[in-house]
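Report on the structure given below.
The values are calculated or read from the model by the stated rules, or taken from the named source; none is laboratory data. In this text the structure is predicted, and so the values were computed from the model without any measurement. Using ideal geometry, Cβ is built from the backbone for each residue, glycine included, and neighbour counts are taken over all protein chains shown.
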Amino acid sequence: MIISKGRKLAIFLTISQGIFIILFGLFVDYDQFRQTSLSSDAKYRATQPIQQDVHLIVFIGFGFVMTFLRKYGYSAITFNLVIACVVIQWAIVFRGLIYGNVFEGKRFTLGIKELLSADFAAITVTISIGAVMGKISFLQLLVMAFIEVLLFLINEWLSDSVLKAEDAGKSIYVHTFGAYFGLAVSRVIYCKDLEKFAKLSKDNVTYESTMFSVLGTLFLWAFWPSLNAGSLIIDQQHRSVINTYLSLTASSLISFAVSAFLNKNGNLDILHIQRAALAGGVAIGATAHMPIGPWLSLLIGSASGAISTLGFKYLTPVMADTCSIHDTCGIHNVHGMPGLLAGFAGACATALATFDKWGETLFEIFPGTAPTIDSYLYRHLHQNASIWEAGLHRRSIEQAGYQMASMLLTVIVAITGGLFTGLFLRIPVWNRPKGQSLFTDEGFWLVSTPVNDDGSGNGHSH
Amino acid sequence: MIISKGRKLAIFLTISQGIFIILFGLFVDYDQFRQTSLSSDAKYRATQPIQQDVHLIVFIGFGFVMTFLRKYGYSAITFNLVIACVVIQWAIVFRGLIYGNVFEGKRFTLGIKELLSADFAAITVTISIGAVMGKISFLQLLVMAFIEVLLFLINEWLSDSVLKAEDAGKSIYVHTFGAYFGLAVSRVIYCKDLEKFAKLSKDNVTYESTMFSVLGTLFLWAFWPSLNAGSLIIDQQHRSVINTYLSLTASSLISFAVSAFLNKNGNLDILHIQRAALAGGVAIGATAHMPIGPWLSLLIGSASGAISTLGFKYLTPVMADTCSIHDTCGIHNVHGMPGLLAGFAGACATALATFDKWGETLFEIFPGTAPTIDSYLYRHLHQNASIWEAGLHRRSIEQAGYQMASMLLTVIVAITGGLFTGLFLRIPVWNRPKGQSLFTDEGFWLVSTPVNDDGSGNGHSH
Amino acid sequence: MIISKGRKLAIFLTISQGIFIILFGLFVDYDQFRQTSLSSDAKYRATQPIQQDVHLIVFIGFGFVMTFLRKYGYSAITFNLVIACVVIQWAIVFRGLIYGNVFEGKRFTLGIKELLSADFAAITVTISIGAVMGKISFLQLLVMAFIEVLLFLINEWLSDSVLKAEDAGKSIYVHTFGAYFGLAVSRVIYCKDLEKFAKLSKDNVTYESTMFSVLGTLFLWAFWPSLNAGSLIIDQQHRSVINTYLSLTASSLISFAVSAFLNKNGNLDILHIQRAALAGGVAIGATAHMPIGPWLSLLIGSASGAISTLGFKYLTPVMADTCSIHDTCGIHNVHGMPGLLAGFAGACATALATFDKWGETLFEIFPGTAPTIDSYLYRHLHQNASIWEAGLHRRSIEQAGYQMASMLLTVIVAITGGLFTGLFLRIPVWNRPKGQSLFTDEGFWLVSTPVNDDGSGNGHSH
């Protein structure tokens, strides 16, 4: 018996939700059941608005950014919503299983911080979707999401807990990982008639679908500082907000300039600019919380804007034509390359950081560099109630090495994982779309077009 | 002399505004004229961002959700704005008259909390508008809004102050009340040629009008936790945010699954999903602040998503055909049934709550169950500076009974009030639209369509 | 050698960015490099959400408000983004140069407060753009922005530091200045064939472009309280939020009423209402933080709504026809006249304020009226830890005079500056658009229209 596409999807989703309910029942409690003290309330208040902003990024920002294909808008925005809902539940559970002590029979707690981590997992998957959007079925997306979240959390745990590397703005763990994972999947599922329908769908970009997409861009732009500052506190959060804004202004300015330079007689492509403008947010992620100087934020933002725009103009077509890597939303230019730039900038800044220049901020940003608990420096500084804990007394250059190692690890996990996931997705059972059903809502959604009764409608009903 | 439609409206609005100015002048002062203390400032800061979120829900969320009818969008969004402005002023005044001691010559104060209450009144009216949208004139909407706010505030006062029932997330007082009031009005103003023009207007839903509507949905989705948590503090607010997010993710997932199951060969109706996704926010309202366990939030959300989607598919058409209840936006599925579900879930959770399991949280959530002031338990616990006040020492099952009673009262007041309001609206003086002018902006707004000069316009000017 | 339009623009932008990076490197440090204390963190938390709201106003609100011309939407929203990015960087540097002690070799600091000030500069420029939108090239906009920010900051400094006038909600320094500067530029660059193409572009306003514009309006509406309260603290911020909401509800209500009254047989123009609704936010700016009474906020809002709607209906066409002042977005009605109304209302409220009625709030709001440091009153009141500083002991009526003087100064600087800037912009080197390229994206942007393959496309590709 062949189960129809819709029913297969429905069953898969319902079973997933059922399992999640059971897993939540077995393992998940509220953080701070009884939290009447005002100080813990203050902590909650410091995180909740940030998490709210990140939620807006996930559901409105990324949702609308992907609606630029006129005939794939319903799918883009609904899939983003539903996939994010699945990923948030799945990431809460799996993260708890990794970090908690469930095998000793303990349950783990769920608070605003855990919701924020789950949002980051959702963003990672959303970025990957950007590379394969329009080319795979919703069922394939779901399977991809489940696998990707697993690998994302394992990679983050390895980098955090084993390498003791830091990635405050998630430029590496989220943006770089999501981009290269998605591109690897896209490579494996490449098929011959793709380009033709991709071209056709691009010709169907309208003024209105572009404006909806721009709306998503501006949401991302305006809330990006919260994304980079989300997991930070006090002065690191403060600096992160300032550096991210500065970097975004520079990447917007320079991406527009580069686009204007390349299209000297006009005919700028607004899709390039609306995305390259965001590169500054990614590229500053790894250094935003460091006291690197506002001018350097502007420089990093400028560089990322230029790289990203050049990528859209020259690299994306080449990747599709010669490497068979088709990148629907150009995520390589917005998240991939700027993510690597962020990693390199972060490693350089780390290597150059000294206790003389940064003071104890060094130990707060890189706990690995903090003095060991039995050292004189530790005892001496902690008389003044410092907030950092004892560390491994790594030298700055050592820490920079670990930062680079975590970046390398991330790229390897992302590409390897993406390739195998892509192979798994080629199993016919997942209802992969082909030919006419690529890049289109039709056949899945009821696409009503108004009757042309008074000449003001948009076309024919069908 | 016959006064034209526009002028009648203008005069009505201007007189209302004039009366409000006088009433504000007579009765309303600022809350905390001089509030330089940092602790009162902290309280303000804890409420203001939440109230801001609720404002976004009122003006952007509900405004855009209702723009899905391509030919009624100007009306939908403007009427929402203006009606909300009227209701906010009217609710501030009338609420102050009920709760204040104005008859002893005292004035009442206006602060962020009062603005939040006024926003809830605006949401109640907006929900009701969802049932009658496109079928009644702006003047009729205004009259309906004035009456509904009166009944809404009286019902809330009876439930709060007389029955001592609790409705933290306003699932009953706002969502259930708004839904059944609106449906009752819709029943009374039903006319024969309605279905024909409703069908015609639905055929005119375009891709773009749907996307604007989805934008509204996502605003509601993303800010809903603030809606449920708005009137709460400390750990109750914290839990409310978490439970609401979880419930929303589950209702989105399950409503998509059910929709896919029912439309097995594709052709999903995006309008159903975009609304049923929100059912989880309503259904969790009454229990979101209780320590019910995260898994139960997922379960309640899942149930509401299923009920809501099934309602759109099967119940709404039946209600229109056999009961003559036409529900333009399907509010029965989003606010009506999920509101009742919330009420039942809340009553069950109340009945099962014990001091053993919840501790003093029980008394904080249900002041009615708190020990009386002269009891040993009260004196004993209050040595540790508890924040709840002496209560009536109701048993949990008793309190659950009062919760059910308040739900019953709400449904009765809503339906009775709606029926009489509907009758009142049938008086011809309110310029009720008929035939061709149903579900259309034309005849009220200047609807310019571009000249088709280069083939890229959308139609003819007229 | 003639440099193409695009390249000239690219070079200009890149050089600007390069100079900014150098200036930031020379002069700008982070505010509070090391800010681990919780009290300074609390201060940051009190400002950051407000600044976030103002950022949304700059990038999403004003961006979308200007997209109402169907054929100029890409330009409107991109230019707004890029110009705001340039202005924010330029305003941070130039403001630091004015207020800092850079000539003594000192650097100045950059924190959330400075970002907020830079946002106000961006809003000022955006308002002016509203008057000239569609009529000048991006290069001209850039030049205008550089000059306007200079004059804006000098005018603010003169009013603040020399006249010791106050403008908490920036009704004068931002809204009035931006409006009259823009109108003066618009007057000078007026050309004969303008009206014809302006008319043509207005005929191309579509339902969808209007809805995008309404989205911008609602963003401005909902976040306006943060705009007026942005630079205030504690009870002044609290009152400012309340008064601004009230004023906005009144202006929305009355502008709708006036519009309905003037168009008695229907055919209301939604563009008028969507803008006049915002007049209340501007008009209350100068008095929002004063304890003037909630009823007066409603009255000021009502008056501004009426003035603004009447302005759209009668004044704007007359200004264009007889004075050759063409105002694309009608900024005179939203920012110009309501700004002046705010100034007059503020001066009246100042003149009538007494220590008897307001208590020390008087000194907090108008530091100029505070007693001098050696007076008995100063010593007496400061025993209770008042937060205001010693002042000039101006009488209220004196302070009102200074308020009026600052308004007069602002209008003079704005108009004179605008006229000279307009003359400067007429130099042919800035690639001023003419004829067919007025009010259109074509020739600058790639405007793809879909292939009409199945009758559902919007037109022809070209």
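For the stretch B:259-277, a residue qualifies if it is assigned to a helix (DSSP H, G or I) and either surrounded by fewer than 20 Cβ atoms within 10 Å (Cβ to Cβ) or within 7 Å of another protein chain (Cβ to nearest Cβ) (or both), and the qualifying residues are B:ALA260, B:PHE261, B:LEU262, B:ILE270, B:ILE273.
Does at least one position in the stretch B:230-248 carry a residue that is aliphatic (A, V, I, L, M), closer than 30 Å to B:ILE427 by Cβ and not in a helix (DSSP H, G or I)?
No - not one qualifying residue is present in the stretch B:230-248.
The lone criterion from (1) within 19 Å of C:GLN274 (Cβ to Cβ); (2) of a type outside the set (Asp, Glu); (3) within 9 Å of chain C (Cβ to nearest Cβ) left unmet by B:LEU69 is number (3). If you go through the stretch C:409-442 and keep only what is more than 19 Å from A:THR206 (Cβ to Cβ) and either within 14 Å of another protein chain (Cβ to nearest Cβ) or not in a helix (DSSP H, G or I) (or both), you end up with C:ARG426, C:ILE427, C:ASN431, C:ARG432, C:PRO433, C:LYS434, C:GLN436, C:SER437, C:LEU438, C:PHE439.
Every residue, every condition in (1) out of contact with any strand residue (DSSP E or B) (no Cβ under 7 Å at 6 or more places or on another chain); (2) surrounded by fewer than 23 Cβ atoms within 10 Å (Cβ to Cβ); (3) of a type outside the set (Asp, Glu); (4) over 15 Å from C:GLU166 (Cβ atoms), yes or no:
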position	(1), (2), (3), (4)
C:PHE312	yes, no, yes, yes
C:ALA320	yes, yes, yes, yes
C:GLY343	yes, no, yes, no
C:LEU352	yes, yes, yes, yes
C:THR372	yes, yes, yes, yes
C:TYR378	yes, yes, yes, yes
C:GLN399	yes, no, yes, no
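Answer yes or no as to whether C:THR47 is among the β-branched types (Val, Ile, Thr), at pLDDT 70 or above and within 17 Å of C:SER231 (Cα to Cα). Against the criterion (among the β-branched types (Val, Ile, Thr), at pLDDT 70 or above and within 17 Å of C:SER231 (Cα to Cα)), C:THR47 qualifies. Within the stretch A:278-295, being in contact (Cβ under 8 Å) with a residue 40 or more places away in the chain and within 12 Å of chain C (Cβ to nearest Cβ) holds for A:LEU278, A:GLY280, A:ALA288, A:HIS289, A:MET290, A:PRO291, A:ILE292, A:PRO294.
For the stretch B:160-194, how many residues are farther than 20 Å from B:ILE147 by Cβ and surrounded by fewer than 24 Cβ atoms within 10 Å (Cβ to Cβ)?
Summing the residues that are farther than 20 Å from B:ILE147 by Cβ and surrounded by fewer than 24 Cβ atoms within 10 Å (Cβ to Cβ) in the stretch B:160-194 gives 11.
Residues that are touching a Gly at 6+ places or on another chain (Cβ under 6 Å) and either under 15 Å from C:GLY230 (Cβ atoms) or among the small types (Gly, Ala, Ser) (or both) within the stretch C:173-182 comprise C:HIS175, C:ALA179, listed in sequence order. For A:LEU9, the conditions (1) more than 9 Å from chain B (Cβ to nearest Cβ); (2) at pLDDT 85 or above all hold with the exception of (1).
Counting only helices (runs of 4 or more DSSP H) that sit completely within the stretch A:122-207, those holding 2 or more residues that are among the polar types (S, T, N, Q) and at pLDDT 90 or above correspond to A:138-157. Out of A:SER240, A:SER252, one residue alone is more than 9 Å from every other protein chain (Cβ to nearest Cβ), in contact (Cβ under 8 Å) with a residue 40 or more places away in the chain, of a type outside the set (D, E, K, R) and surrounded by 24 or more Cβ atoms within 10 Å (Cβ to Cβ). It is A:SER240. Any residue at all in the stretch B:42-53 that's in contact with a Ser or Thr (Cβ under 6 Å, 6 or more places away or on another chain), under 30 Å from C:ASN267 (Cβ atoms) and either not in a helix (DSSP H, G or I) or not hydroxyl-bearing (Ser, Thr, Tyr) (or both)? No, there is no match, as no residue in the stretch B:42-53 is in contact with a Ser or Thr (Cβ under 6 Å, 6 or more places away or on another chain), under 30 Å from C:ASN267 (Cβ atoms) and either not in a helix (DSSP H, G or I) or not hydroxyl-bearing (Ser, Thr, Tyr) (or both).
Only one of the listed residues (C:GLY418, C:GLY359) is closer than 30 Å to C:LEU150 by Cα, surrounded by 12 or more Cβ atoms within 10 Å (Cβ to Cβ) and among the small types (Gly, Ala, Ser). That residue is C:GLY418.
Let me spell it out: the conditions are (1) over 25 Å from B:HIS272 (Cα atoms); (2) more than 12 Å from chain A (Cβ to nearest Cβ); (3) in contact with a Phe, Trp or Tyr (Cβ under 8 Å, 6 or more places away or on another chain), and B:VAL188 meets all of them except one. Which number is the exception? If we test B:VAL188 against (1) over 25 Å from B:HIS272 (Cα atoms); (2) more than 12 Å from chain A (Cβ to nearest Cβ); (3) in contact with a Phe, Trp or Tyr (Cβ under 8 Å, 6 or more places away or on another chain), just (3) comes out false. One residue is enough: does the stretch A:214-227 have a residue meeting the conditions facing chain C (nearest Cβ under 10 Å) and of a type in the set (Val, Ile, Thr)? Checked the stretch A:214-227: at least one residue is facing chain C (nearest Cβ under 10 Å) and of a type in the set (Val, Ile, Thr).
The residues of the stretch A:76-95 that are more than 7 Å from chain B (Cβ to nearest Cβ) and either more than 18 Å from A:GLY330 (Cα to Cα) or outside any helix (DSSP H, G or I) (or both), listed by number, are A:PHE79, A:ILE83, A:ALA84, A:VAL87, A:TRP90, A:ALA91, A:ILE92, A:VAL93, A:PHE94, A:ARG95.
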